[in-house]
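Peer 1: Pasting a structure below so you can have a look.
Please treat every number below as a calculation from the coordinates, not as lab data. Keep in mind it's a predicted model, so treat the numbers as computed, not measured. When we count neighbours, we look across all protein chains shown, and the Cβ atoms used for this are built from the backbone with ideal geometry, even at glycine.
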Amino acid sequence: MSDIANGLVAEKDLAISEQADLAVTHVTARRGAKAALDDASRTAFGTTLPSGPRVVNAGGLMIVWAGPDQWLFIEQAKGGVDSSNALGKTFQGLASVVDVSDSRTIFRVATSRAPEKLVRRMGIDFDEGAFNPGDVAITHVSHLGAMVWRLPDGSGYDFACARTYSRDFLDWLRKA
Amino acid sequence: MRITCPYCGERGNDEFSYLGDASVVRPDPASPNASEAFYDFAYERRNVAGPMQELWYHAAGCHAWLVVTRDTRTHEIFEVKSAQDVALERQKSAGAAQ
Ligand SMILES: [Zn+2]
């Protein structure tokens with residue numbers, strides 16, 4: 001654990017930081033339970049779950065679409081609080097809830113607009129106007145699976161990848 | 001070739017893997033000719049020159065199985081649906097037929 005774990009990796013024009021101490025939970029709706037899940041989510045977090053590739057920020061809790069009927073719930077880990085366990089209770093009987101905090105690494109690129117080089121390195125349409133604040137994409141870069149979303153307030157981009165190849169992924173990101 | 005995933009939008013075909021003919025349906029193992037029906041199900045495929053329904057998997061994307069209607073001669077794609085929706089439609093029409 002060196003520069004990755006240390007968080008901030010300053011680049012010429014890109015401020016890339018690993019988001020440390022996150023609680024990341026993968027939630028998959030049980031068959032036919034989407035409507036009931038939306039009700040439970042509205043009660044607990046004041047918002048329904050995105051039904052397409054979008055991310056919502058519910059007071060610091062990021063709910064990221066992660067495929068049909070699947071979401072990542074991401075928040076800052078609170079000492080002594082098991083976020084995934086709490087989510088499991090909120091969605092009891094309606095969803096499969098798995099703590100994936102240790103298997104994902106999330107890098108934040110703090111920029112209101114993706115630089116041209118990054119846009120060109122993505123396989124998806126990442127242009128300003130095509131990939132807007134709140135948009136999510138599941139894709140791959142240099143054969144590494146990755147999720148990317150643009151923060152709903154437009155202040156940056158988050159990239160999530162499997163922790164196993166986070167070093168390679170960071171390498172890719174730095175070159176962008 | 002680019003495929004428009006109903007969930008993710010338009011993506012390059014490098015994100016997808018191909019399984020084959022989407023029109024084949026698993027036979028009923030209790031049917032009297034089950035053995036022949038399973039042989040056909042497993043091995044017999046038409047070699048279509050023209051539009052056909054194919055199964056594609058959005059492996060590097062949302063992990064959804066898709067039914068893509070594609071012209072095998074031109075790669076023109078006419079329709080992309082979620083395989084789950086297609087399966088549910090088939091179940092429904094099979095149920096209605098009985
Ligand atoms: Zn997809």
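Peer 1: Nearest 20 debye, what's the magnitude of the dipole of the protein assembly as shown about its Cα centre given +1 on Lys and Arg Cβ and -1 on Asp and Glu Cβ?
Peer 2: 140 debye
Peer 1: Find the centroid of the Cα atoms in the stretch B:1-42 and in the stretch A:62-122, then give the distance between the two in whole Å.
Peer 2: The stretch B:1-42 and the stretch A:62-122 have Cα centres spaced 32 Å from each other.
Peer 1: Per residue of A:131-139, count partner chain C-beta atoms within 10 Å of its C-beta, then hand back the mean as an integer.
Peer 2: Mean inter-chain Cβ contacts per residue within 10 Å come to 3.
Peer 1: If you don't mind, another one. Taking only Cα atoms, what is the 0 to 90° angle, nearest 10, from helix B:83-97's long axis to the longest principal axis of chain B?
Peer 2: With rounding to tens, the tilt is 30 degrees.
Peer 1: Okay, next question. Report the per residue volume, in Å³, of the convex hull enclosing the C-alpha atoms of the stretch B:29-68.
Peer 2: 118 Å³
Peer 1: While we're looking at this one, here's another question. Quick one: net charge around residue A:149, please, counting Lys, Arg +1 and Asp, Glu -1 for every other residue with C-beta under 14 Å from its C-beta.
Peer 2: So the surrounding residues net to +1.
Peer 1: Sort B:58, A:140, B:75 so the one with the fewest other Cβ atoms within 10 Å of its own Cβ comes first.
Peer 2: The order, fewest Cβ neighbours first, is B:75, A:140, B:58.
Peer 1: Kindly count the pairs of lysines across chain A whose alpha carbons are less than 17 Å apart, treating pairs on different chains or eight or more residues apart as eligible.
Peer 2: Going through chain A pair by pair, I get 4.
Peer 1: Sorted from largest down, what three extents in whole angstroms do the Cα atoms of the stretch A:22-102 have along their principal axes?
Peer 2: For the stretch A:22-102, the Cα spread along each principal axis is 34, 24, 23 Å.
Peer 1: Go through the protein assembly as shown and flag any cysteine with no other cysteine's C-beta closer than 4.7 Å, please.
Peer 2: A:161, B:62
Peer 1: Report the net charge of residues surrounding residue B:36, where surrounding means a beta-carbon distance below 15 angstrom and charges are Lys +1, Arg +1, Asp -1, Glu -1.
Peer 2: Combined, the nearby Lys, Arg, Asp and Glu give -2.
Peer 1: Next question. Quick one: give the max-minus-min coordinate of the C-alpha atoms of the stretch B:2-97 along each principal axis, largest first, in Å.
Peer 2: 44, 28, 23
Peer 1: Now for a different question. Can you give the Rg to Rh ratio for the protein assembly as shown, taking only C-alpha atoms and Rh from Kirkwood?
Peer 2: Checking Rg against Rh, the ratio lands at 1.03.
Peer 1: Please order B:43, B:7, B:18 by the number of other Cβ within 10 Å, starting at the fewest.
Peer 2: B:43, B:18, B:7
Peer 1: Please report B:52, A:147, B:1 as a ranked list, fewest other C-beta atoms within 10 angstrom at the top and most at the bottom.
Peer 2: Going from least to most buried by this count: B:1, B:52, A:147.
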